[in-house]
Amino acid sequence: GHGRVAVELDSSAGVAVMKMENLPVNSLSLDFLTEFLISLEKLENDRGCRGVILTSGAPKIFSAGLDIMEMYGKSTEHYAEFWKAVQEMWLRLYQSNMVTIAAINGSSPAGGCLMAMCCDYRIMAENPKYSIGLNETQLGIVAPFWFKDTMVNTIGNRATERSLELGLLYSPPEAHKIGLVDQLVPEEKIQSTAAAVMSQWLAIPDHARQITKSMMRKPTVDRLLAHRESDIQNFVSFISKDAIQKSLHMYMEMLKQRRG
Ligand code: CO8
């Protein structure tokens, strides 16, 4: 697949904008994740790129999270391959040596929220129609431990517990209040704000910032690395259950009916 991730590198600033363009809703399909990983890896290996702004080219949506169609009615081999790509996305983004800033210009449920939480800093457009959070339980599924760990590292244990159990999706002011996003801006200011924040972060020497980031995040990363295979097996057996397939089917029907 081509053209699902548009990358624009400003060589003089050393900053790239990665714009997700898997229309209509930037769902994280296997093809999209594969292309995203290749684009990120290229930037990671480019000495001229020190920072990435992650944003969306889809109107009103940052990312709708994991592509539900990848988790529905497929083979166990497919589920395993898909889950490995999701893990890989998290591992690469969470541990990136670059400064990563999420410019959240739309709704960001579940996997979309995970991607944003992987970044070093989150700026969200203050549009009351947008929401962000890990809403997995609303689909009848359970956020894996490393989704949970990422949220705990962002907003703390108590706020995570409540968010996860209720599958809460937060409005921009609520998300800002609990620290799920760092800053709210009017929609039209989001890219310029991201660029300004990026230059503050890039004023810090890379090596000192990178070692510090690794010190903060490595224990969380090591937990997944130690249980990577069993995490895949858990996902495959959970998602294959009839009751879970039924929940996903009902959720998709609800999405379709809600439209109008
Ligand atoms: N995957 C696949 N298709 C999707 C998804 C998705 N995540 N989200 C939306 N779509 C589809 C819709 O079904 C619709 O398709 P169609 O045109 O064929 O009917 C199309 O995209 C457009 O969607 P909407 O009409 O709903 O567009 P809106 O602009 O009204 O709303 C939203 C956009 C807010 C993104 C809305 O679609 C929505 O809430 N989507 C669901 C988001 C969601 O709950 N995602 C959770 C995915 S699960 C996840 O990421 C983590 C799982 C962890 C694994 C657990 C292991 C056990």
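Assuming R0 = 30 Å, what is the FRET efficiency of Glu21 and Glu229, from their Cβ-Cβ distance, to the nearest 0.05?
Working from the Cβ atoms, E equals 0.35.
Counting helices only, and only those DSSP H runs with n ≥ 4, report the 222 nm mean residue ellipticity of the chain as the sum of -39,500 (n - 2.57) divided by its residues, in deg cm²/dmol to the nearest 500.
Roughly -16500 deg cm²/dmol at 222 nm, from the helical runs in the chain.
Take every DSSP beta bridge with both residues inside segment 1-61 and express the antiparallel ones as a percent of the total, to the nearest 5.
50 percent
In the chain, if the dipole is taken from +1 on Lys/Arg beta carbons and -1 on Asp/Glu beta carbons about the Cα centre, which of Ala159, Ser12, Asn26 is farthest to the positive end?
Of Ala159, Ser12, Asn26, it is Ala159.
Once a ≥ b ≥ c are taken as the square roots of the eigenvalues of the Cα gyration tensor of segment 5-202, is the result rounded (a/c under 1.5), prolate (a/b larger than b/c) or oblate (a/b not larger than b/c)?
Judged from the Cα gyration tensor, segment 5-202 comes out oblate (a/c at least 1.5, b/c at or above a/b).
Taking all protein chains as present, what is the carbon and sulfur share of the accessible area of the chain, in % to the nearest whole number, probe 1.4 Å?
Accessible surface attributable to carbon and sulfur in the chain totals 55 percent.
Each residue of segment 10-27 in turn: what ³J(HN,Hα) in whole Hz from Karplus with 6.51, -1.76, 1.60 and θ = phi - 60°, glycine and Pro shown as x?
Per-residue couplings from phi come out as 8, 5, 5, 8, x, 10, 10, 9, 9, 10, 6, 9, 9, 5, x, 10, 6, 5 Hz.
Suppose every Lys and Arg Cβ carries +1 and every Asp and Glu Cβ carries -1, with no other charges. What dipole size does segment 5-202 come out with about its Cα centre, to the nearest 20 debye?
That gives a dipole near 400 debye.
May I ask which of Lys19/Lys129; Lys19/Lys241; Lys189/Lys256; Lys19/Lys84; Lys189/Lys218 have a Cα-Cα span longer than 29 Å here?
Over 29 Å Cα-Cα: Lys19/Lys241; Lys189/Lys256; Lys189/Lys218.
Between Val5 and residues 5 or more places away or on another chain, which pairs have amide H atoms under 5 Å apart, with H built 1.01 Å from N, and which residues are they?
Correct list: Glu21.
Give me a comma-separated list of calculated 3J(HN,Hα) values for segment 227-243, in order, Karplus coefficients 6.51, -1.76, 1.60 applied at θ = phi - 60°, integers in Hz, x for any Gly or Pro.
Per-residue couplings from phi come out as 10, 4, 5, 5, 5, 5, 4, 4, 4, 4, 6, 5, 6, 7, 4, 4, 5 Hz.
Using each residue's phi in segment 32-40, evaluate 6.51 cos²θ - 1.76 cosθ + 1.60 at θ = phi - 60° and report the 3J(HN,Hα) Karplus result to the nearest Hz, with x for Gly and Pro.
5, 4, 4, 5, 4, 5, 5, 5, 5
Enumerate the amide H contacts of Ile104 below 5 Å, restricted to partners 5 or more residues apart or on another chain; note that Pro and chain-start residues carry no placed amide H.
Distant-sequence amide H within range of Ile104: Ile123, Met124, Ala125.
Amide H of Gly133 versus every other amide H placed in the peptide plane: which residues, excluding those fewer than 5 positions away on the same chain, fall under 5 Å?
The answer is Ser108, Ala110, Cys113, Tyr170.
Can you give me the accessible area per residue for segment 5-202, using a 1.4 Å probe, in Å²?
With all protein chains present, segment 5-202 gives 40 Å² per residue.
Could you work out the relative contact order of segment 5-202? I mean the mean sequence separation of Cα pairs under 8 Å and 6+ apart, divided by the number of residues, in percent.
19 percent
What percent antiparallel are the DSSP beta bridges of segment 5-202, to the nearest 5?
About 25 percent, rounded to the nearest 5.
The values are calculated or read from the model by the stated rules, or taken from the named source; none is laboratory data. Please read these numbers as outputs of a predicted model, since none were measured by experiment. Virtual Cβ from ideal backbone geometry, glycine too; neighbours counted across all protein chains shown. Please note that ligands, DNA and RNA were not included when accessible areas were found on the heavy atoms of the full protein model with its side chains. Shrake-Rupley method; radii C 1.70, N 1.55, O 1.52, S 1.80 Å.
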